[in-house]
Every structure is written in C-alpha cells, then in structure tokens.
Amino acid sequence: MKKALIITTVSGFVPQFEMNNVRILQRLGYEVHYASNFHMPVYGKDNDRLKGTGVIGHQIDFVRSPFKIGKNYRAFQQLKCLMRKETFDLVHCHTPMGGVLGRLAAKKTGTKPVLYTAHGFHFYRGAPIQNWIFFYPVERWLAHDTDVLITINEEDYERAKRFHFARKGRAEKINGVGIDRERYRKGEEKKKEKRKEIGIDEKDFVFIGVGELTKRKNHEVIIKAMARLKGDNSLRYIICGTGKERRNLERKIKKYQLEKQVKLIGYRKDIIDLLKISDCFIFPSKQEGLPVALLEAMAAGLPCICSDIRGNRDLGRRGDLFLCSDLEDYIRYMKQVKERPKKRREYPILEEYDEEKVKKESERIYRSVLFRTKKSTDIDVYL
C-alpha cells in the first residue's frame, strides 16, 4: 500500500481541520501517517479524536517557535529518520514549523511530491516588519522545494503566485476546509436549557466569541468594549477556547468588574448549540488565514462583528459583515446589533465555501500531483 504523510506542529490540527483530506487520501488507496507533537494537543486536551480513523501517528518533538534552534534540529532529524524508514509517496505539510521542517526533511531524503498548505502567511498587509524580514524570505526559498503551495485566502494566493517553485510546481487557492451548512440550520429547541447550563438568562443578549485564548485572537478588546457598555445589564459575552492568556483575561474581567457579564467557558464540543443560543458573533482576531469559527457563525445565520483583516475580508467582501478597525468600531456595532436585532439570515457567499466543493478541489490537487498533471479536468478520468 502507498503511504502519505501529513505533518503538523501540534496534534489537534488534523482531527479539527484535516479529516476530509485524510479520507480523500484513504479513498485513493493511501495509508495515512501523521507526524506531530502528540504531547502538545490543541482544540481539546487529548488525541482521542484520532481513534478509529486509521491514521498512524508518529511522535515528532516539534516546537512552535522557530528560534529554538536545538529543538527544531532534533525534530528535523526525527522527520528524516521517519521518512527514510517509511518511504512515503506523498508529504503534505501544515502549520509554520511543520511546513518548514517537513519540506527540509523531504528534500534531504528525496521524498516527493511535497504539498504545503499555508493557513495564513505570517507576512501580510499590515504585519510587523520583523515578520516580513524573517518569514517572507523563508517561504520564498522553500517554494523551490514545494510541488503545490495551497493558500486559503486571496491575499496569500496573489503573493504565492510570484514565488519560484519546484519544476512544475505552483500555487493553488482553495476556500479553507469548507463548511457543512446543513449542520448549522437546525432549530433552537434546547435554547433555554443550554443558556441555563452556562449561567445565561433567557432574556440576555449574548455575544459569543470562539478561539484560542491568545494575544493574536484579541479577546481583550471585546472585554474593554463590554466595560464601556456596562450600563446595559442585559449584555453577555461568552468566550469558547483555552490558552495561555486565560489568567490575563480573568484579571481584565475582574479589573472591569465584569464577572457576571463575561464568561470564559473553555474548549467546547457543542459550538453549534452555543451559536444557536447566541445573538451575535464577535471575532476580533489580529491575524487569520481563513477563520473556520467565522464560517461556522455565518452558517448559523448570526450577525457577525469582526476585525478588518485578511481572511475576514474575503468572507465579508459583499458587505455582509461588520468589519472593525478599533475599539470604537466594536462598541458602535455592538450597540447597533443590540438595538436593532437582526433575524438569522443566509449568507450567499457561503456557497463558495461549501464543504463538498472544497473536497472536490482538494481531491483535484492531490490527483494532479499523484498522476503527474496540472489539468483540473483530469480528475474526471479517475472518478
């Protein structure tokens, strides 16, 4: 049996975002292996979601920081040993350090073809200058050893097209991981019970945020907005996620005396239910590729207030989202949505991000490198 290797720095990434690609490869007859740091799961506290998937795991001691040279070299050596032992027929890298070390190890061992999905370059319009100085030349250089560089937003795609790739290599764009819209169209039968479970009154107006508790996700700006809107006792803000910024956010909540209004409810597996009991989605992130959380909220029909950044702009290009640049914008739109509540609605743009369409594009890309062709019509030969 042919073997495919998926590489990510942290181990929760594949079960959270990449299971469609796993199933595509398995359907094409590939045994799927997964190299990651299984001691560093995200999107949950363990690796239970990989059980029963047929995915074969390999521990690689990845770290997230590119500046921990010794640890990164160790992970690189581990990847080389794994590739020489298993002789993979395809490598697909994800996440920044997984993408760097995976492509370097593949080059060293002669493993081909190599794909890399950039879930949002660290260099983008408005990014800190140090990001451009460090990450941009690295990605341009690694493109020489990349058969397909997959991007998930328009800004990254336009930039990636100008890179110089491996022979017959290229940049592609797909619309993220896609969204199964039908899952989010169900009713709100358990609204009262679910609100009671998390300590929210039936008459409260609920803003919901979803994302890791990190500085990049910028939950703090909405806590500040809630402090400014404290006069309205019906407003509530619930944040789903875990991360190293939890204690800092707890201190901010206490500082502004918002213990009743703002709740950190941790990692949740019932996001669909929580979106259904909420009145508005807020996504203040400073950096995104193409945010799944925002896609989910749109699929649930919620009015969405979000930062005016790459990825969010892709989803809001028809004017369907409230795009914010600063604290005052968030406060203004939060007031507006509360005072003039919008009914749940359909977002026509989501048709472009339908899960089935994304799966077809992903399969086309896999087939194009596995069957040595770049023509999008060639997929029809094999279906």
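The values are calculated or read from the model by the stated rules, or taken from the named source; none is laboratory data. Here the structure is a predicted model, which means the values were calculated and not measured. Neighbour counts run over all protein chains shown; Cβ positions are idealised from the backbone, glycine included. Ligands, DNA and RNA are excluded from the accessible area calculation, which covers all protein heavy atoms including side chains. Shrake-Rupley method; radii C 1.70, N 1.55, O 1.52, S 1.80 Å.
Details
- Residues within region 143-158 that are under 18 Å from Tyr124 (Cα atoms), open to solvent by less than 30 Å² (accessible area, probe 1.4 Å) and not aliphatic (A, V, I, L, M), tallied: 4
- Among residues of region 21-37 that are closer than 11 Å to Met1 by Cβ and among the charged types (D, E, K, R), those with a Cβ under 6 angstrom from a residue that is in a loop (DSSP other than H, G, I, E, B) and open to solvent by 10 Å² or more (accessible area, probe 1.4 Å), sequence gap 6+ or separate chain, pair up as Glu31/Met1.
- Among residues of region 354-381, those that are in contact with an Asp or Glu (Cβ under 9 Å, 6 or more places away or on another chain), assigned to a helix (DSSP H, G or I) and either among the aromatic types (Phe, Trp, Tyr) or modelled with pLDDT of 65 or more (or both), counted: 10
- Extreme residue, farthest from the chain's Cα centre (by Cα), among residues of region 45-87 that are more than 23 Å from Asn20 (Cβ to Cβ) and among the small types (Gly, Ala, Ser): Gly70
- Here is the figure for region 262-289: residues that are part of a helix (DSSP H, G or I), open to solvent by 10 Å² or more (accessible area, probe 1.4 Å) and either modelled with pLDDT of 95 or more or not basic (Lys, Arg) (or both) total 3.
- Some residue of region 98-110 being out of contact with any helix residue (DSSP H, G or I) (no Cβ under 7 Å at 6 or more places or on another chain) and assigned to a helix (DSSP H, G or I): yes
- Scan of region 294-312 for residues that are under 14 Å from the mean Cα position of the chain (by Cα), more than 15 Å from Phe322 (Cβ to Cβ) and outside any loop (DSSP other than H, G, I, E, B), ordered by number: Leu295, Glu296
- Any hit, region 47-63, residues being in contact (Cβ under 8 Å) with a residue 60 or more places away in the chain and either closer than 23 Å to Val358 by Cα or surrounded by fewer than 21 Cβ atoms within 10 Å (Cβ to Cβ) (or both): no
- Any pair with Cβ under 7 angstrom, 6 or more apart, that starts in region 265-280 at a residue that is closer than 16 Å to Ile179 by Cβ and ends at one that is open to solvent by 20 Å² or more (accessible area, probe 1.4 Å): Ile271/Val210; Ile271/Glu296; Ile272/Arg183; Leu275/Glu296; Lys276/Glu188; Lys276/Lys191
- Among the candidates Phe165, Phe134, the residue that is over 30 Å from Ala225 (Cβ atoms), in contact (Cβ under 8 Å) with a residue 60 or more places away in the chain and open to solvent by 30 Å² or more (accessible area, probe 1.4 Å) is uniquely Phe134.
- Checking each residue in region 281-311 for being out of contact with any Asp or Glu (no Cβ under 6 Å at 6 or more places or on another chain), of a type outside the set (A, V, I, L, M, F, W, C) and either under 15 Å from Gly209 (Cα atoms) or in contact (Cβ under 8 Å) with a residue 60 or more places away in the chain (or both) picks out Pro284, Ser285, Lys286, Gln287, Glu288, Gly289, Pro291, Glu296, Gly301, Pro303, Ser307.
- Output for region 313-334, where each listed residue is in a loop (DSSP other than H, G, I, E, B) and within 20 Å of the chain's Cα centre (by Cα): Gly316, Arg317, Leu321
- In region 350-367, the residues that are out of contact with any strand residue (DSSP E or B) (no Cβ under 6 Å at 6 or more places or on another chain), over 22 Å from Ala4 (Cβ atoms) and buried (at least 18 other Cβ atoms within 10 Å of the Cβ): Leu350
- Any chance Ala171 is farther than 16 Å from Leu101 by Cα, open to solvent by 10 Å² or more (accessible area, probe 1.4 Å), among the small types (Gly, Ala, Ser) and in a strand (DSSP E or B): yes
- With respect to the conditions (1) of a type in the set (A, V, I, L, M, F, W, C); (2) over 23 Å from Pro96 (Cα atoms); (3) touching a Gly at 6+ places or on another chain (Cβ under 9 Å); (4) open to solvent by 30 Å² or more (accessible area, probe 1.4 Å), Val292 lacks only one, and its number is (2).
- Verdict on Tyr237 being within 23 Å of the chain's Cα centre (by Cα), touching a residue at least 40 places away in the same chain (Cβ under 8 Å), part of a strand (DSSP E or B) and surrounded by 15 or more Cβ atoms within 10 Å (Cβ to Cβ): yes
- Reported count of residues in region 1-36, each being touching an Asp or Glu at 6+ places or on another chain (Cβ under 6 Å) and open to solvent by 10 Å² or more (accessible area, probe 1.4 Å), is 3.
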